[in-house]
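Okay, so here's the structure we're looking at.
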Amino acid sequence: MSRPARSLAATARPLREGRLSCEEHARDVLDRCAEHASSNAFVTLDADRLLAEARAADREGTAARRPLHGVPLVVKDNIDIALLPTTAGTPALRHHRPRRSAEVWRRLAGAGALALGKTGMHELAYGVTGQNAAFGTVGNPVAPGFICGGSSSGTAAAVAAGLAPAGLGTDTGGSVRVPAALCGLVGMRPTTGRYPAAGVLRVSRTRDTVGVIATDLADVAFLDALLAADPAGPYPCPREPSPRPDGRIRLLLPRSAWAGLDPRVAAVAAARLRDLRRAGADLVEVDPPEPASLLGEAAMAVPLHETWHELAFYLARCETCRDPGELVRRIASPDVADVLTPLLYGPAVSDERYRHALRVQDDLADAAFGLLRGHRADAFLSPTTILPAAPADVDAESVFLPYIRNTAFAAVTGWPSISLPAGATPEGLPVGLLLDAPPYTDRVLLELATRCARIWHSTANGPNP
């Protein structure tokens, strides 16, 4: 049975103060990982390396200890950690061991974090179920027998099982927020470009970003501050706007995002809306700024046009596979092969269609911002997914578009987006709610999410924040 993870603060404090040795904590975590081996959360779990790093952390003087001193975190397997494999869930990279860590991991390691392991993912991040024919499907520890979502599947599974308080994923169309929602966690996609991308195998330079999955919003905010940090200042973005002067929450509910929900999701989401209204929040239904068909076109066309170039760029530094064609030919998962094999024969998306998709995303962002400004609202609110977790044997291609229907908006526009746990269906399947806000308002969005979570937590039947 899964055990909720302690928060970063609760985990780090006794380690930093020397009341618990890092090695003792690491051994306890490894024991829990063995208990949850059936979830298949990890592709690589190097116990000897973790224990060696923990012993090294124990040798640090108390005064020199850093904020994440000795805290094991998990990292999606398309984010480099030096000398550990980065497989991206695909056979051609099974033996790829980069020499240098991704900048996002260097920032967390610099704060004292230890790498617990590299986590399983939907192959090449092109899917939302966590099914992987090369490394096995990642299970949902909160709902055994159901998918945990993807493509950042293993990170969500490890955090949900209480193996780590938080971890890193990547999000192209919903790959952090979908598994967070289906596992009852917090998942944040930052403003695109807020976190560094060096050392990450991306499938789209326009859409991809590293994101954070955790059990606690405060932990997401803390990791965001570390990941967005820059030597020249605390955040690599313009000054962020202040919350509404009257302190009242005002959210827009796009009608298309609330239509066609699974009745179980709809019931949980409706209860959270009632909580917000009782707390004095203004909830305004609006028509979406663009038809769903245009959003879907922009969501798919841009990554497909950019994937081949991004694979070639990453593989240029890979010692075991330098040819994107070889990598694509060796894809193991049928659903991913169906999408990417056509790239062997030329561009799957024409330059004209690509440019049109980029114009659509700019127009969509402008129209959405205009809606928020016109209604003097803080953010858009919608269910993260229109379905709860599907059975583990679901056909991956059949649920891809339904699961990213509401998460695609922030990915296309580059806006920050946070999925919050909203409760569970009668069968115990978690449901998430999504907050989307304009770019460079990440910290304000985190504060807004915290206020919403507190409202829900204060109700008798509300979810944990």
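The values are calculated or read from the model by the stated rules, or taken from the named source; none is laboratory data. Fair warning: this is a prediction, and the values are worked out from it, not measured in the lab. All Cβ positions, even for glycine, are placed from backbone atoms using ideal geometry, and neighbour counts span all protein chains on display. Ligands, DNA and RNA are excluded from the accessible area calculation, which covers all protein heavy atoms including side chains. Shrake-Rupley method; radii C 1.70, N 1.55, O 1.52, S 1.80 Å.
Could you check the stretch 363-390 and list, in sequence order, the residues that are farther than 30 Å from Leu182 by Cα and either acidic (Asp, Glu) or open to solvent by less than 80 Å² (accessible area, probe 1.4 Å) (or both)?
Matches in the stretch 363-390: Asp363, Asp366, Gly370, Gly374, His375.
All but one of (1) modelled with pLDDT of 95 or more; (2) open to solvent by 10 Å² or more (accessible area, probe 1.4 Å); (3) assigned to a helix (DSSP H, G or I); (4) within 30 Å of Leu433 (Cα to Cα) hold for Met300; which doesn't?
Evaluating Met300 over (1) modelled with pLDDT of 95 or more; (2) open to solvent by 10 Å² or more (accessible area, probe 1.4 Å); (3) assigned to a helix (DSSP H, G or I); (4) within 30 Å of Leu433 (Cα to Cα) leaves (1) as the failure.
Find the residue count for the stretch 138-160, including only residues that are open to solvent by 10 Å² or more (accessible area, probe 1.4 Å) and closer than 17 Å to Val399 by Cβ.
So the answer is 3.
Give the residue, chosen from Phe222, Phe135, that is open to solvent by 10 Å² or more (accessible area, probe 1.4 Å), over 14 Å from Asn78 (Cα atoms) and of a type outside the set (Gly, Ala, Ser).
Among Phe222, Phe135, only Phe222 is open to solvent by 10 Å² or more (accessible area, probe 1.4 Å), over 14 Å from Asn78 (Cα atoms) and of a type outside the set (Gly, Ala, Ser).
Restricting attention to the stretch 75-123, which residues are touching a His at 6+ places or on another chain (Cβ under 7 Å) and within 27 Å of Glu60 (Cβ to Cβ)?
Gly112
Quickly run through the stretch 11-29 and pick out the residues that are open to solvent by less than 30 Å² (accessible area, probe 1.4 Å) and either without any contact (Cβ under 8 Å) to a residue 60 or more places away in the chain or farther than 16 Å from Thr155 by Cα (or both).
Thr11, Ala12, Pro14, Leu15, Cys22, His25, Ala26
For the stretch 1-53, what are the residues that are closer than 27 Å to His96 by Cβ and in contact with a Gly (Cβ under 6 Å, 6 or more places away or on another chain)?
Across the stretch 1-53, the qualifying residues are Ser39, Asn40, Ala41, Phe42, Val43, Thr44, Leu45.
Within the stretch 44-66, which residues are assigned to a loop (DSSP other than H, G, I, E, B) and either on the phi > 0 side of the Ramachandran plot or modelled with pLDDT of 95 or more (or both)?
Leu45, Asp46
Please work out which one of (1) modelled with pLDDT of 95 or more; (2) open to solvent by 50 Å² or more (accessible area, probe 1.4 Å); (3) part of a helix (DSSP H, G or I); (4) not charged (D, E, K, R) is the condition Leu294 fails and give its number.
(1)
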